[in-house]
């Protein structure tokens, strides 16, 4: 069973609000920052997605070398999503069945849906979505945020 209750407050919010209950803050598991090497088995589309997202994730300070598998899975799923999307755009959304029993949903839809689900789930884990970044804790020592103080 997953964790229950509301999502815990990020450390920076907890520090600003104080700790009126006096409960100790949870210890966070961290990995030393670093950019993982791109796997050579990724296809061209997946490698382009890797090159697009990794520099920004590195700049945000959320990458570690141990993230290679999650990043590779995200990029491979993105590539499959793009391929299925292109297939659906070039083909009919409804396909004729082999037995001639009338129309059926194009089989590319299942590939599209599964790849989209994987991309969406891993995008949250890798801080690629806006909501994931809003819930994240800013790494220590990263004080050059251009939006810092915007709500002051």
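Computed from the coordinates by the stated procedures, all read-outs in this text should not be read as laboratory data. What you see is a predicted model, and the numbers here were worked out from it, not measured in a lab. In this analysis, Cβ positions are derived from the backbone assuming ideal geometry, glycine residues included, and neighbour counts consider all displayed protein chains.
What order do you get for 59, 23 when you list them from fewest to most C-beta neighbours inside 10 Å? Present the calculation step by step, with values, prior to reporting the outcome.
On the way: 59 11, 23 7.
In order of increasing Cβ crowding within 10 Å: 23, 59.
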>> Could you tell me how far the Cα centroid of the range 27-42 sits from the Cα centroid of the range 55-85, in Å?
In response: 10
>> Can you compute the equivalent ellipsoid semi-axes for the range 34-135, i.e. the square root of 5 times each eigenvalue of the Cα gyration tensor, sorted largest first and rounded to whole Å?
In response: 33, 14, 10
